[in-house]
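Asker: Okay, handing you the structure first.
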């Protein structure tokens, strides 16, 4: 006789053993090193650090290896590790102007102080599969030249000199942290930006794209995109001054958007802001567009598009939450399903009984 | 023995304090959803992170833990969560309902009556009973604050108008202590009467949605209904084919390709006790860390 399923524990252990086995794959192929992942799959590492909210290249590389290249799974691993780490405090705010720039472009000015610095980019490459990469081969070092400028002023600030763009007001209060307190609505811009920075790149990309196609259009220009390294400092109470913690690579995007103005304010440009760990331009740009879309209400604009809906965007941007809940449908639901089955059978029986009754009464009508 | 490098029951003590404060508030306001700073756990959202955080915060070294999913101790996720606590807290575990001091559950309330010495921790996917009527949190919180539950009654009424029945079969909404409408988590409505006047403390944890709520012991919990359409728990009209129980909740199992079915108790511990020769509880299987 069939007995209700047993043996879950052994089955799980065996499944995990099999996972470890296929993760390694063909033993004749050399095993991936973390250094290889860090160096040669660097943009994947960047994304995992960004959405995993933890800046550690080695751990991110480990997560990617453990997750068999599934980046959302790797992000999840990194987040679950991050949550166990003690928190000493928050770093000092850093000024992107002080960035050691590796790439800096503006789409709004042909030339600007510091110039356009292309840096390492896929832009302008022809997307032709390079069959020479199939085999291992020597890659010559790229030519270099000393930088002309040490500091690049941001395009936003250049426009602000003429009063053409809104001035950002600094937040006096300590920025809030959605990993330490539950998100409530309406959320301030600090929490919104934190949420977007951790948000899924694909989700933000689609939302940003939708604003360009008319669902919450706000006429964006890529004022400036920059990528480089920046020093992070921490104010040590014991010492009474800020000490350097190290450097992080970040990508910053400042979008410049139209604003029609209203009775109180003259027309001027407004800003959308994106910041992401590593070289993550797509993410930073999408974030800036969505940030600006979410400011619709604050700026008195009509706000009916999905990208302008704060609750909708912020509640669904986190891919660790989303993947968990979507994939939880794999868990057993026998109990709920049985309840539904019972009701459905009852409703169908009642429906059939009604039909039979109607047939009988129709037959009676015809006979009369 | 606990896993090295991690605190007892995984969460650090600061986080546990934060969660305990939320639990205390939840107990003080029965049925009210208390926001809490839910942590990322090493299992996915939607797989019991809320229940796991609540359990981790209330668990002591002397507790005896039971974990069930769909009424069974042996379903994959129940096994995984039980092993998690064996590994991180080293507590004793059991499959016996009466022996456990903390029971974490997904989708069921055990058939065996609970006692004052027990805590039942529910895993909750969507804590907001009004969510599918009103998607916005700002709105639903306002509705709770004003006890504005008309929308829910309209929904139940529309069910009756359309189907002749209230068409909610699980996660059937209840009113707690005559104040808050609450989602009892996706337990079958068969289990709803067990929520009422229960001697055990009932805690509900929703990790992804960052909410904790509670039913203190001996609290009145009423399933929503109408005078002319009173609440009715549903049960398959059959007896368990393994133990012969006629009052337990049943799982329907398909046994061959011809669609032959049999009904068995969903609560495996309850079924096993009934089947053991003397009707006594068997010796606990201890999982060694």
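Throughout, read-outs are computed from the coordinates displayed, never taken from laboratory work. Given the structure is predicted, the values throughout are model-derived calculations rather than measurements. Backbone-built Cβ (ideal geometry, glycine too); neighbour counts: all protein chains shown.
Asker: Per residue of B:73-80, count partner chain C-beta atoms within 10 Å of its C-beta, then hand back the mean as an integer. Write out the running numbers ahead of the final one.
Answerer: Values: counts 3, 7, 7, 9, 6, 4, 7, 3.
Mean shielding count: 6.
Asker: Let me ask something else about it. If each residue of separation counts as 0.36 nm, what is the full-extension length gain between residue A:213 and residue A:341 once their alpha-carbon separation is subtracted? Before the final figure, lay out the partial values.
Answerer: Working: separation 128, 0.36 × 128 = 46.08 nm, distance 4.34 nm.
Extra length available between residue A:213 and residue A:341 comes to 41.7 nm.
Asker: Oh, and also: Dividing the convex hull volume of the alpha carbon atoms of region A:108-147 by its residue count, what do you get in Å³ per residue?
Answerer: Values: hull volume 3.9 nm³, N = 40.
Per residue, the Cα convex hull of region A:108-147 comes to 97 Å³.
Asker: Next question, about the same structure. Suppose we keep just the alpha-carbon trace of chain B; what are its Rg and Dmax in angstrom?
Answerer: 19.3, 59
Asker: Can you give the translational diffusion coefficient of the protein assembly as shown in µm²/s, computed by Stokes-Einstein from the Kirkwood radius over Cα pairs at 4 °C and 1.567 mPa s?
Answerer: In µm²/s, the coefficient is 46.
Asker: Work out, step by step, the length gained on full extension between residue A:125 and residue A:70: first 0.36 nm times the residue separation, then minus their alpha carbon distance; give nm to one decimal.
Answerer: Details: separation 55, 0.36 × 55 = 19.80 nm, distance 2.62 nm.
Going from the current span to full extension adds 17.2 nm.
Asker: Using a Förster radius of 25 Å, what is the FRET efficiency between residue A:174 and residue A:206 based on their Cβ-Cβ separation? Nearest 0.05, please.
Answerer: Working: r = 33 Å, r/R0 = 1.30.
That gives a FRET efficiency of 0.15.
Asker: Relative to the compact-globule scaling 2.2 N^0.38 Å, provide the ratio for the alpha-carbon radius of gyration of chain A. Could you put the intermediate results ahead of the total?
Answerer: Details: Rg = 27.5 Å, N = 368, 2.2 N^0.38 = 20.8 Å.
Compared with the compact-globule rule of thumb, chain A sits at 1.32.
Asker: Give me the percent of Cα-Cα pairs in region A:148-207 that sit more than 14 Å apart, rounded to a whole number.
Answerer: Values: 1259 of 1770 pairs.
Across region A:148-207, Cα pairs with separations above 14 Å total 71 percent.
Asker: For the pair residue A:266/residue A:366, report the inter-label distance in nm, with labels modelled 7 Å from Cα in the Cβ direction.
Answerer: Using points 7 Å along Cα→Cβ, the separation is 8.5 nm.
Asker: With N denoting the number of residues in region B:194-276, provide Rg(C-alpha) divided by 2.2 N^0.38 Å, to two decimal places.
Answerer: Values: Rg = 17.4 Å, N = 83, 2.2 N^0.38 = 11.8 Å.
It is 1.47.
Asker: Gaussian network model of chain B, Cα springs within a sub-10 Å range: biggest mean-square fluctuation belongs to which of B:257, B:74, B:183?
Answerer: Top of the fluctuation ranking is B:257.
Asker: For a Förster distance of 51 Å, can you work out the FRET efficiency between the beta-carbons of residue A:139 and residue A:181, rounded to the nearest 0.05? Could you put the intermediate results ahead of the total?
Answerer: Numbers: r = 47 Å, r/R0 = 0.93.
E between residue A:139 and residue A:181, to the nearest 0.05, is 0.60.
Asker: Additional query: Over region A:258-347, what is the relative contact order in percent, taking alpha-carbon pairs closer than 8 angstrom and at least six residues apart? Provide the component values of the computation, followed by the final result.
Answerer: On the way: 53 pairs, mean separation 11.8, N = 90.
Once divided by the residue count of region A:258-347, the mean separation gives 13 percent.
Asker: What is the packing order of peptides A:108-119, B:82-93, A:243-254, taking the mean over residues of other C-beta atoms within 10 Å and listing the highest first? Spell out each step's value before the answer.
Answerer: Values: A:108-119: 13.2, B:82-93: 20.7, A:243-254: 18.1.
Put in order of decreasing packing, that is B:82-93, A:243-254, A:108-119.
Asker: At q = 0.18, 0.19, 0.22 Å⁻¹, work out log10 I(q)/I(0) for region B:123-219 with the Debye formula, treating every Cα as an identical point scatterer and leaving solvent out; two decimals please.
Answerer: Scattering profile of region B:123-219, log10 relative to I(0): -0.91, -1.01, -1.31.
Asker: Taking 0.36 nm per residue of sequence separation and subtracting the Cα-Cα distance, how much length would be gained by fully extending the chain between residue A:35 and residue A:311, in nm to one decimal? Mind dumping the intermediate values first?
Answerer: Details: separation 276, 0.36 × 276 = 99.36 nm, distance 3.99 nm.
Here the segment from residue A:35 to residue A:311 would lengthen by 95.4 nm.
Asker: Choose one answer from A:294, A:158, A:343: the residue with the largest mean-square fluctuation in a GNM of chain A with alpha-carbon springs under 10 Å.
Answerer: Among A:294, A:158, A:343, the largest mean-square fluctuation in the Gaussian network model of chain A belongs to A:343.
Asker: For region A:227-368, state the average projected area of the convex hull of the C-alpha atoms over all orientations, rounded to one decimal in nm². Could the numbers behind the result be given before it?
Answerer: Numbers: hull surface 83.9 nm².
Directional mean of the projected Cα hull area for region A:227-368 stands at 21.0 nm².
Asker: At 37 °C and a viscosity of 0.692 mPa s, what translational diffusion coefficient does Stokes-Einstein give for region A:293-368, taking Rh as the Kirkwood radius over Cα pairs? Give it in µm²/s as a whole number. Walk me through the numbers before you get to the answer.
Answerer: Values: Rh = 17.9 Å.
Approximately 183 µm²/s, per Stokes-Einstein.
Asker: Of the peptides B:48-54, A:24-30, A:125-131, how do they stack up when ordered by the mean number of other Cβ atoms within 10 Å, highest first? Could you put the intermediate results ahead of the total?
Answerer: Numbers: B:48-54: 28.6, A:24-30: 8.4, A:125-131: 6.9.
Per-residue Cβ counts within 10 Å, averaged per peptide and sorted highest first, yield B:48-54, A:24-30, A:125-131.
Asker: Further question: Taking Cα pairs under 8 Å and at least six residues apart, what relative contact order does chain A come out at, in percent? Mind showing how you got there, number by number?
Answerer: Values: 473 pairs, mean separation 58.8, N = 368.
Value for chain A: 16 percent.
Asker: What three numbers, in Å, describe the spread of the alpha carbons of region A:181-255 along their principal axes, ordered from the longest?
Answerer: The Cα atoms of region A:181-255 stretch 53, 32, 20 Å along the principal axes, largest first.
Asker: If you average 1/r over every pair of different alpha-carbon atoms in region A:1-122 and take one over that average, what Kirkwood value in Å do you get?
Answerer: One over the average 1/r among Cα pairs gives 18.4 Å for region A:1-122.
Asker: On alpha-carbon atoms, Rg over Rh for region B:1-112 using Kirkwood Rh? Before the final figure, lay out the partial values.
Answerer: Details: Rg = 13.7 Å, Rh = 14.5 Å.
That ratio equals 0.94.
Asker: Can you give me the Cα centroid spacing of region A:168-199 and region B:147-182 in angstrom?
Answerer: Cα centroid of region A:168-199 versus Cα centroid of region B:147-182: 36 Å apart.
Asker: A follow-up question, please. If eta is 0.692 mPa s and T is 37 °C, what Stokes-Einstein diffusion coefficient results for region A:87-216, Kirkwood Rh from Cα pairs, in µm²/s?
Answerer: Values: Rh = 19.7 Å.
In µm²/s, the coefficient rounds to 167.
Asker: Using only alpha carbon positions, build the gyration tensor of region B:44-158, then give the equivalent ellipsoid semi-axes as the square roots of 5 times its eigenvalues, largest first, whole angstrom.
Answerer: Numbers: eigenvalues 209, 46, 37 Å².
They are 32, 15, 14 Å, listed largest first.
Asker: To continue, here is another question. In what order do A:145, B:140 fall by count of nearby beta-carbon atoms within 10 Å, going from fewest to most? Spell out each step's value before the answer.
Answerer: Working: A:145 5, B:140 19.
The most exposed by this proxy come first: A:145, B:140.
Asker: State, as an integer percentage, the relative contact order of chain B based on alpha-carbon contacts under 8 Å between residues 6 or more apart. List each step's numbers first, then the result.
Answerer: Values: 591 pairs, mean separation 63.6, N = 289.
RCO, chain B: 22 percent.
Asker: Here's something else I'd like to know. Identify which of A:78, A:32, A:43 has the largest mean-square fluctuation in a Gaussian network model of chain A, with springs joining Cα atoms closer than 10 Å.
Answerer: A:32
Asker: Starting from the alpha-carbon convex hull of region A:199-293, give the projected area averaged over all orientations, in nm².
Answerer: On the way: hull surface 34.2 nm².
Taking the Cα atoms of region A:199-293, their convex hull projects to 8.6 nm² on average.
Asker: Quick one: in region B:10-69, what % of C-alpha pairs are over 16 Å apart? Walk me through the numbers on the way to the answer.
Answerer: Values: 852 of 1770 pairs.
In whole percent, the share of Cα-Cα pairs in region B:10-69 beyond 16 Å is 48.
Asker: Here is a follow-up. To the nearest whole percent, what portion of all C-alpha pairs in region A:268-312 is separated by more than 15 angstrom? Before the final figure, lay out each step's value.
Answerer: Working: 449 of 990 pairs.
Summing the P(r) tail past 15 Å for region A:268-312 gives 45 percent.
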